[in-house]
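In what follows, a single structure is set out as structure tokens and then discussed.
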Amino acid sequence: MNRYLQGSWAIDMVKLQDADGFSFFDYNPTGILMISDQSVQGELAAAFQTFQGSVADTLALQGSYLLKLNDAELNWVQTQDTIKNRIFVLTNKNLEIEYYDAQSQQRLRYVFKKMN
């Protein structure tokens, strides 16, 4: 499965689920992740119209990753932090992961399509 990750991934959709359980979608997010056999780099940007107004999400990665298939996790390992993501889909063409932000009590689901 590790070889499935390698390549360039374009962000296709981002879903934000807020603390109250409401879901908001960005079907036009921007950004690409480049994943090699040891590193991940890229930046993603999404914007959502919520009940409280516009909310932006940015994910900038430059580090390594840890794939734990037994735990269905894909973790971004950055200089000072590890971002844990739950894997929903991992094929040679599709990647779907979800991150729970405990501080803001919201979930962010990222859907990617492989470019190469």
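The values are calculated or read from the model by the stated rules, or taken from the named source; none is laboratory data. Predicted model only: the values in this text are computed from it and were never measured. Cβ atoms come from the backbone with ideal geometry, glycine included; neighbour counts cover every protein chain shown.
Structure values in brief
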read-out	value
Selection count where residues are hydrophobic (A, V, I, L, M, F, W, C) and closer than 16 Å to Trp9 by Cβ, scope region 49-63	3
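Conditions tested, residue by residue: (1) assigned to a strand (DSSP E or B); (2) surrounded by 16 or more Cβ atoms within 10 Å (Cβ to Cβ); (3) over 10 Å from the mean Cα position of the chain (by Cα); (4) at pLDDT below 95.
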{"position": "Phe88", "(1), (2), (3), (4)": "yes, no, yes, no"}
{"position": "Glu96", "(1), (2), (3), (4)": "yes, yes, no, no"}
{"position": "Gln103", "(1), (2), (3), (4)": "no, no, yes, yes"}
{"position": "Arg109", "(1), (2), (3), (4)": "yes, yes, no, no"}
{"position": "Lys113", "(1), (2), (3), (4)": "yes, no, yes, no"}
